[in-house]
Structure formats: structure tokens, C-alpha cells
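Laboratory data are not the source of any read-out in this text; all were calculated from the coordinates shown. Given the structure is predicted, the values throughout are model-derived calculations rather than measurements. Virtual Cβ from ideal backbone geometry, glycine too; neighbours counted across all protein chains shown.
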Amino acid sequence: MNFKPFNRYIWVNPIEEEEEEQNVAIVLPDNYKKQPSVYLMCEVKQVSDECKFHHQLKSGDKIIIERRMLCSIDITEKPVYLVLENYVYGRITDENN
């Protein structure tokens, strides 16, 4: 699929955290679900030319966004995830960069 974001949007792939297995025995109800973090790490796929970060972000960069601002567009077999530039808190790099 070819997709190009417009209007200050960034096309991303959300990276969901894997739950850590703990060796502590705690009794929880069967329907208990851990609340997800307010923030979400995403991998950048493509940045709109109108986005103020289009010279700073490139495909493969990891960014932190506000989870509730992630837009999912389900018009094909695989959803397209977009976030507006205003909801990007920052980019994550390893210490060597």
C-alpha cells in the first residue's frame, strides 16, 4: 500500500509494551486488565512535508506520543496510524547518537 500523510500528520507504527512476568503472587480478579500508559512509543514510517519536524524525523525513528491522540484509519486490511505533530513529545535515540 502506498500512503502519504498530509496536513502536519506523521504516519507511525505503535510499539506496544510487552508485559513483564513477575514472580510475586498477587490475587487479582479474572477480568483485571492493567491500565496502559498515557504515553506510547511509535516508530516513524513517514512525515508530512507540512510537518515542522519533516527535516528532523526520518523513517525508523522512535517517538513518544500521547496515546489517546493516535488516529487509526481502517480502510484497508492493515490500519494506518497517524499522529498530529502537536502530540509528539520527543524522539528517542540511543546514547551513541
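For labels at Ile92 and His54 in the simple 7 Å Cα→Cβ model, what's the distance in nm?
A separation of 2.7 nm, rounded to one decimal place.
Can you give me the pair-distance distribution of the stretch 28-97, C-alpha pairs, 5 Å bins, whole percents?
Spelled out bin by bin, the stretch 28-97 gives 3, 14, 22, 21, 16, 11, 7, 4, 2, 1 percent.
Given H placed 1.01 Å from N in the peptide plane, which residues other than close sequence neighbours of Gln46 have an amide H under 5 Å from its amide H?
Under 5 Å from the amide H of Gln46 lie the amide H atoms of Trp11, each far enough along the sequence or on another chain.
At a 10 angstrom cut-off on C-beta neighbours, averaged per residue, how do the peptides 41-53, 75-87 rank from highest to lowest?
Packing order, densest peptide first, comes out as 41-53, 75-87.
What nm value, rounded to one decimal, do you get for the distance between Ile75 and Asn7 when each label is placed 7 Å out toward the C-beta?
My value for the distance between the label points is 1.1 nm.
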